[in-house]
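Trainee: Mind looking over this structure? Questions follow.
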Amino acid sequence: MTKIIRKTLPRDISVGVLVIIFAIVFFLAGQLFEKNQPNIEQFTSIYLGEFLVSTAVIVMILILWEEILFPVKIKPDGDGLIFRNHATKLIVQALIYLIIPAIVVFLVLTYEVSPFRFYGWAAVCTILPVVGKLVSGINNYNDFLKLTTSSIAYKNNAKEGVIELKDIQQIRMIKDDSNDLQKLELDLTSGAPITIDLDEMELEAYYESIEEFITTHYKCSL
């Protein structure tokens, strides 16, 4: 059974925050458009444009602020756990992201926009989700760390392997200045040490659970 280690934010909190952000952006969105809109029809009033501007910002936030939509889950695998980014999350993020460029194109084709302000807003909404989440998610799509009572398996882009626990002399957990787990260094009984770069695998949400499993099951190797 899949174990949830981080639930989504309470609905009342997430909806409340999103409504406040939507209202603020809607109030300010008129600055992205020219005051004179000679070509817009009745159904494409300036209020529709402001609504779409606010909608694009909300979509961006939903992608970047994953705690609103996506719980963090760990999948048991045999006598251990497997830590990886779930494909469903990335697919949903990519699909809802498409709303943003669609809105930008519609607004450009429909309204007279204030170039500097509008294209600045458009750049933030279209680029930030890609740089902040989508590129990293795609690059680490197949990455995983699997810990069992007898072995450690991992894949990090071009680096991958399965190491039996009996072949590990010592496990060192490397942390940063904030005491967050970053890497696992495995000293083997024979051969060169192996470094598993957790900080390159988009597994930040799992650091605490990874450390807990290691300290519980690999005491003899610490």
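The values are calculated or read from the model by the stated rules, or taken from the named source; none is laboratory data. This structure is a prediction, so every number in the text was calculated from the model and none was measured. All Cβ positions, glycine included, derive from the backbone under ideal geometry; neighbour counts span all protein chains shown. In case anyone asks, the SASA skips ligands and DNA or RNA and just uses the protein heavy atoms, side chains included. Shrake-Rupley method; radii C 1.70, N 1.55, O 1.52, S 1.80 Å.
Trainee: Going by alpha carbons, how many degrees (0 to 90, nearest 10) lie between the helix axis of 46-64 and the longest principal axis of the chain?
Mentor: 0
Trainee: What number comes out for the charge environment of residue 113, summing +1 per Lys or Arg and -1 per Asp or Glu over other residues with Cβ under 14 Å away?
Mentor: -1
Trainee: If I stretch the segment between residue 173 and residue 212 completely, what's the gain in nm (0.36 nm per residue apart, minus their alpha carbon distance), one decimal?
Mentor: Full extension from residue 173 to residue 212 adds 12.9 nm.
Trainee: Right, another one. Roughly speaking, to the nearest percent, how much of segment 58-143's 1.4 Å accessible area is carbon and sulfur?
Mentor: Carbon plus sulfur share of accessible area: 70 percent.
Trainee: Between residue 119 and residue 51, what is 0.36 nm times their sequence separation minus the Cα-Cα distance? Round to one decimal in nm.
Mentor: Going from the current span to full extension adds 22.8 nm.
Trainee: While we're looking at this one, here's another question. Could you calculate the FRET efficiency of residue 106 with residue 65 from 1/(1 + (r/R0)^6), where r is the beta carbon distance between them and R0 is 25 Å, rounded to 0.05?
Mentor: 0.55
Trainee: In segment 124-176, which trypsin sites (Lys or Arg not before Pro) are in a loop and have at most 14 other Cβ atoms within 10 Å, using DSSP for the loop call?
Mentor: Taking segment 124-176 and a limit of 14 other Cβ atoms within 10 Å, no loop trypsin sites (Lys or Arg not before Pro) are found.
Trainee: Using helices alone, I'd like the mean residue ellipticity at 222 nm for the chain: each DSSP H run of four-plus residues gives -39500 (n - 2.57), total over residue count, nearest 500.
Mentor: When only DSSP H runs of four or more count, the value is -13000 deg cm²/dmol.
Trainee: Sticking with this one: Hey, what angle do you get for helix 87-97 against the long axis of the chain, alpha-carbon based, 0 to 90 degrees rounded to 10?
Mentor: Between the helix axis and the principal axis of the chain, the angle is about 20 degrees.
Trainee: May I ask which residue of 19, 152, 85 lies farthest towards the positive end of the charge dipole of the chain, with charges of +1 (Lys, Arg) and -1 (Asp, Glu) on Cβ and the Cα centre as origin?
Mentor: In the chain, that residue is 19.
Trainee: What accessible area per residue, rounded to a whole number of Å², is obtained for the chain using a probe radius of 1.4 Å?
Mentor: With all protein chains present, the chain gives 56 Å² per residue.
Trainee: Where the accessible area of segment 179-222 is counted over protein heavy atoms with a 1.4 Å probe, how much of it, in %, is carbon and sulfur?
Mentor: Answer for segment 179-222: carbon and sulfur cover 45 percent of the accessible area.
Trainee: To the nearest 10 degrees, how steeply does helix 99-110 sit against the main Cα axis of the chain, on a 0 to 90 scale?
Mentor: Orientation of helix 99-110: about 20 degrees from the principal axis.
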